[in-house]
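Engineer: Mind having a look at this structure? Questions to follow.
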Amino acid sequence: MRKKTRLLLGAGALLLIAAACAPNATQSSLDPQGPYARKSYDLFVPVFWVAVTIFVLVEGALLLIAIKYRHRKGRDKIPPQIHGNTRLEIAWTILPALILAGVAVPTVTTIFDLARKPAGEVMNVHVLGHQWWWEFDYPDQQIITANEMHIPTGIPIYVTLCSVGSGYQQGIGAPSDCQPGPPDGQPPAAVGNAVIHSFWVPELAGTQDVVPGRANTLLLQADHPGTYTGQCKEFCGLSHAYMKFTVVSQTPDDFAAWVRGQQADATAPTTGSLAATGMNEFVNGACIACHAIQGVEDPNGNPLVQNGGPNLTHFASRSCFAGCMMPTNEENLKKWLDDPPAVKAGSWMPDYGLTPQQIDALAAYLLTLT
Amino acid sequence: MASVSVRAGGGGGRGLLARPTATDGFWSWFTTVDHKKIGILYGITSFAFFIVGGSEALLIRLQLARPDQNILKPSVYNEIFTMHGITMVFLVVMPLSAAFINYLVPLMIGARDVAFPRLNAFSYWVFLAGGLFIYSSWFLGGAPNGGWFGYAPNSVVDPSRGMTFYAIGLIITGIASTVSAVNLAVTILNMRAPGMTLFRMPVFVWMSLVVQLLLAFSLPIITVGLVELLFDRRFGTHFFDPAAGGDPVLWQHLFWLFGHPEVYILVLPAMGIVSEILPVFSRKPLFGYQFVVFSGIAIGFIGFGVWAHHMFAVGLGPVANTAFGISTMIIGVPTGVKIFNWLGTMWKGDIRFTTPMLFAVGFVAMFVIGGLSGVTHAVVPADYQQTDTYYIVAHFHYVLFGGAIFGLFGGMYYWWPKVFGRMLNEKVGKLHFWMMLIGFNLTFGPMHILGLQGMPRRIQSYPASLGLDFWNLVSSIGAFTIALSVLIFIVNAVSSFRKPKGMEADPWDARTLEWSTSSPPPEYNFEEVPVVHSLDELWRRKYAETEGGRVVPVVAGGSGTQEHLVESPRHGGGHGIHLPGPSYFPVLASIGFPVLGYGIIFSWPLAVAGVVVLLTGLYGWALEPSAE
């Protein structure tokens with residue numbers, strides 16, 4: 001009986017450990033994939049084991065004392081009234097202080113290490129936090145994209161983080177200081193509220209808050225090609241849970257190819273196709289009030305200007321949309337176009353009351369924008 | 001029953017209302033100025049809020065039990081987690097600690113009441129008014145939804161009224177706490193019985209004093225922030241709006257300059273309780289009394305210098321992050337000193353594992369975990385990953401639940417016989433303890449893993465693809481286990497009242513003065529004001545040390561027959577002891593605050609009415625005739 005219980009308990013414990021260690025967590029800070037994430041991790045692991053050691057010692061002592069000095073039936077002798085011991089007090093003040101001092105040294109060096117912009121080559125990316133999606137602007141490559149960030153492997157990415165919203169500038173040139181835009185708004189203003197977000201791809205770097213009016217910076221880097229997920233970490237309103245993004249790291253060659261693709265104008269749909277109808281709907285409807293597609297002109301012959309919504313030039317090249325709430329596919333896109341706030345609480349893109357025909361055409365067009 | 005009659009003057013003096021006289025019965029609870037009754041009111045009210053805040057926690061765990069759920073839509077989820085935090089911090093742990101402090105401090109220092117008894121009643125009623133005011137937001141346009149930390153600008157731009165209720169409601173409860181902080185600090189400093197020097201005070205009294213000073217210095221800071229938030233929301237100022245020259249980070253500094261001392265405001269009373277329980281059931285004095293006291297004071301001081309460790313990811317720069325990382329590590333030292341001294345107290349003792357002792361030992365065991373995970377946050381680059389994840393949620397629940405709540409439950413089991421004259425059932429109590437311990441660890445232990453594996457806080461749902469389902473489910477099961485254990489406690493508490501009252505004064509063979517008077521104590525606490533000769537005064541009256549170092553009972557016949565040591569109320573009946581009379585005005589004046597609050601939100605005439613009620617209450621209070 002006892003044996004069986006023990007066996008069961010043992011099996012249960014093993015199951016728990018297996019579940020804990022199962023490599024199924026896909027956004028884990030315990031699985032660093034680049035030098036900056038690894039610096040945090042390499043500091044955490046030894047401190048964790050120091051903590052575990054202290055935990056075992058203190059809880060062990062507590063348990064031992066509890067068992068050894070428990071009241072036994074029949075004992076009526078009152079224990080000696082010990083009031084304390086100054087030597088012990090000094091010892092257990094100094095010992096933890098020394099351990100902490102040992103922890104403090106690498107902590108401080110790593111803080112300054114992570115804050116230093118590396119001397120060699122870096123790639124600049126401006127990350128703009130909108131309610132509730134991420135915009136990625138590449139000032140040197142003149143690319144604006146959203147939700148999916150591409151980086152080359154092997155070089156540090158120097159990210160400048162800005163929170164944008166109504167009253168703030170948006171676009172490649174804007175976020176050098178993240179200040180609210182001038183009244184004449186060049187480039188145009190974002191929509192929604194500029195609130196605090198926090199940019200986090202645990203496998204590539206620690207967190208950095210995105211604060212209105214401040215240009216915070218962060219370094220991240222990936223060792224190998226791969227896909228990493230991240231999301232907003234600071235509560236930023238209704239759809240905070242759905243403000244996610246994907247980072248795709250590529251070999252420098254693949255990255256260069258991606259850059260060329262993103263720099264190109266959008267492909268025009270074949271005349272007479274459903275997508276062409278969709279493009280017509282797009283240009284003549286409400287879409288262009290917020291969204292831009294590079295290479296497409298409005299009815300007056302002016303280029304489209306991004307004004308709050310994500311730049312859609314290469315929409316279909318991105319694996320996900322709406323703050324990476326959903327994978328990019330026809331079904332999701334149609335659901336979204338039908339009633340965005342019903343899909344994503346608080347979405348600043350309203351329900352335009354599009355007909356099913358309009359939705360079909362728009363979806364068809366958007367999915368050609370690779 | 002008290003009669004309400006308007007007196008024009010004469011008799012006992014000029015006043016708005018005759019002074020109420022009833023000291024028992026339903027209505028006496030509204031006019032009482034007895035610190036013990038006010039303590040009980042604090043206790044009942046905060047426990048009621050504990051049930052509400054706990055239910056909110058269960059809703060959170062229900063929503064997060066499985067991935068991709070939508071049981072609570074985002075707008076409701078945000079209200080629920082915000083209210084859970086506000087409730088547990090401001091309406092549960094703070095007032096529940098206040099319940100113990102109110103009830104016990106005068107008894108422990110040998111006083112008959114607090115320094116300002118009517119002000120004490122006022123504190124309670126203002127706290128209740130503030131709590132109900134915040135909760136009324138559910139019916140008046142939506143509850144607060146910007147987190148208990150209310151980060152601007154999100155808390156400013158949110159279109160619902162919730163965060164306005166938050167700002168005004170917390171200003172109101174802040175008034176209650178500030179007033180009570182002054183009152184209790186004065187009480188401890190000025191009303192100690194003869195011989196009760198500062199270093200003969202029980203550690204609980206010391207910790208209470210530190211907490212009152214923390215409150216008095218930290219609450220004004222958040223009040224500034226809350227007033228600015230209210231002005232930004234209601235009157236269009238721009239304190240936190242960078243587009244108009246404001247700064248959102250200003251709010252964070254103001255909030256955490258209060259918010260971190262607040263953590264110690266929440267946990268120091270429980271540390272005081274544990275420091276009372278451990279010696280009694282180990283039958284030994286507290287190990288290193290002075291060191292425990294000084295480390296409590298040190299924690300209070302250093303607690304004001306660590307606030308930016310909540311802001312490591314804000315971008316304050318490497319120098320600020322270094323300074324606050326190191327100050328945070330430093331605060332670990334006095335905390336460690338306390339833990340070692342508690343172990344020292346139990347060492348070589350004769351430990352009786354009663355329910356209060358189990359909770360006290362549980363506190364130590366769980367607090368160690370919370371303290372150690374706290375040190376890993378002080379390692380700033382590691383915190384860049386941990387901040388705003390469930391790892392943090394795990395950490396502070398080990399401090400505030402495994403710490404504060406365990407300590408407070410221990411205190412309830414320990415002082416229940418003193419307060420109500422009846423024991424809680426020990427067997428049921430032990431079941432409660434073990435179930436709560438297991439449930440607690442199931443709930444919050446896995447959150448360490450979840451946080452490190454990439455689960456941010458305050459998210460309404462998470463996709464299955466993140467691989468976080470298993471531990472979330474375990475955590476939710478744990479939460480419902482805790483709920484069940486609380487239910488067991490409620491059954492225990494209610495059924496204790498079916499037993500006859502008849503508790504002896506000192507059922508635990510305790511060490512401090514509150515056990516020298518009857519259970520429950522008479523209204524006047526002590527027939528004669530006790531004269532104190534040492535730390536652990538009651539123990540000294542009961543036991544002496546022989547030449548050989550053996551501890552023996554003073555009274556022949558052992559520890560069971562110390563009847564004459566107890567100040568029994570039956571002999572004199574307390575005649576001739578002057579006690580402050582009950583009063584209508586604290587409750588009347590307190591009603592003014594929520595009325596003023598609703599007025600600021602809805603209509604200016606209502607605000608004027610609120611001010612009139614408040615001033616009338618204070619005027620009547622000032623001119624109140626004495627009871628005779």
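Only the coordinates and a few stated rules stand behind these numbers; no lab work does. These numbers come from a predicted model, not from an experiment. Cβ coordinates were reconstructed from backbone atoms using ideal geometry, including for glycine residues, and neighbour counts include every protein chain displayed.
Engineer: Going out from 0 in 5 Å bins, what whole percent of all Cα-Cα distances in the range B:123-236 drops into each bin?
Structural biologist: 2, 11, 18, 18, 15, 11, 8, 7, 5, 3, 1, 0
Engineer: What size of dipole, in debye to the nearest 20, comes out for chain B about its Cα centre when the only charges are +1 on Lys and Arg C-beta atoms and -1 on Asp and Glu C-beta atoms?
Structural biologist: The calculation lands at about 780 debye.
Engineer: Further question on the same structure: Tell me what chain B gives for mean residue ellipticity at 222 nm when only DSSP H runs of n ≥ 4 count, each as -39,500 (n - 2.57), the sum divided by the residue total, rounded to 500 deg cm²/dmol.
Structural biologist: Estimated from H runs of four or more residues: -20500 deg cm²/dmol.
Engineer: Restricting the calculation to Cα positions, tell me the Rg (one decimal) and the Dmax (whole number) of the range B:40-191 in Å.
Structural biologist: Every Cα atom of the range B:40-191 included, Rg and Dmax give 17.6, 58 Å.
Engineer: Tell me the Kirkwood radius of chain A: reciprocal of the mean inverse pair distance over distinct alpha-carbon atoms, in Å.
Structural biologist: Hydrodynamic radius (Kirkwood, Cα only) of chain A equals 24.2 Å.
Engineer: Moving on to the next point. Would you compute, from DSSP H runs of 4+ residues alone, the mean residue ellipticity of chain A at 222 nm, taking -39500 (n - 2.57) per run and dividing by the full residue count, rounded to the nearest 500?
Structural biologist: The helix-only estimate for chain A comes to -12000 deg cm²/dmol at 222 nm.
Engineer: Within the range B:340-429, list the trypsin sites (Lys or Arg not before Pro) lying in a DSSP loop whose Cβ has at most 11 other Cβ atoms in a 10 Å radius.
Structural biologist: none
Engineer: Next up: Under 5 Å between amide hydrogens, which residues at least 5 positions from A:M326 or on another chain qualify, with H placed 1.01 Å from N in the peptide plane?
Structural biologist: A:F321
Engineer: Return the Cα extents of the range A:310-365 along principal axes one, two and three, sorted largest first, each rounded to a whole Å.
Structural biologist: 26, 25, 19
Engineer: Where does helix A:252-263 land angle-wise versus the long Cα axis of chain A, in degrees 0 to 90, nearest 10?
Structural biologist: 40
Engineer: Could you tell me what a quarter of the Cα convex hull surface of the range B:242-301 works out to, in nm² with one decimal place?
Structural biologist: 4.7
Engineer: How far is helix A:35-68 tilted off the main Cα axis of chain A, in degrees rounded to 10, range 0 to 90?
Structural biologist: 30
Engineer: Long-range amide H contacts for A:S163: which residues qualify at under 5 Å (H placed 1.01 Å from N, peptide plane, sequence gap of 5 or more or a different chain)?
Structural biologist: Close amide H contacts, sequence-distant or interchain: A:G129, A:V211, A:G213, A:R214.
Engineer: Could you work out the Rg to Rh ratio of the range B:413-487, with Rh taken as the Kirkwood radius (inverse of the mean 1/r over all Cα pairs)?
Structural biologist: Taking Rg over the Kirkwood Rh, I get 1.19.
Engineer: Here's something else I'd like to know. Using only the alpha carbon atoms of the range A:219-284, find the Kirkwood hydrodynamic radius as the inverse mean reciprocal pair distance, in angstroms to one decimal.
Structural biologist: So the Kirkwood estimate lands at 15.8 Å.
Engineer: At 15 Å minimum axial length over the Cα atoms and a Kyte-Doolittle cut of 1.6, report the qualifying DSSP H helices in chain B, or say none.
Structural biologist: Long hydrophobic helices here: B:203-235, B:289-302, B:585-601, B:604-622.
Engineer: Let's test the formula: R0 of 51 Å, r as the Cβ-Cβ distance of B:I44 and B:S603. What FRET efficiency results, to the nearest 0.05?
Structural biologist: Between B:I44 and B:S603 the formula returns 0.95.
Engineer: Choose one answer from A:V56, A:V122, A:V259: the residue with the largest mean-square fluctuation in a GNM of chain A with alpha-carbon springs under 10 Å.
Structural biologist: Its mean-square fluctuation being the largest, the pick is A:V56.
Engineer: Here is a further query. For the range B:311-407, what is the convex hull (Cα atoms) projected area averaged across all directions, in square nanometres?
Structural biologist: 6.6
Engineer: Follow-up. Starting from the alpha-carbon convex hull of the range B:424-536, give the projected area averaged over all orientations, in nm².
Structural biologist: Result: 11.7 nm².
Engineer: Next up: Over all distinct Cα pairs, what is the inverse of the mean 1/r for chain B, reported as the Kirkwood hydrodynamic radius in Å?
Structural biologist: Kirkwood hydrodynamic radius for chain B: 25.6 Å.
Engineer: What's log10 of I(q)/I(0) for the range A:86-156 at q = 0.15 Å⁻¹, Debye sum over Cα points only, no solvent?
Structural biologist: Values, matching the q order: -0.71.
Engineer: Next up: Over all Cα pairs of the protein assembly as shown, how is the pair count split among 10 Å bins, expressed in % and running from 0 up to the last occupied bin?
Structural biologist: 2, 11, 19, 22, 18, 13, 8, 5, 2, 1, 0
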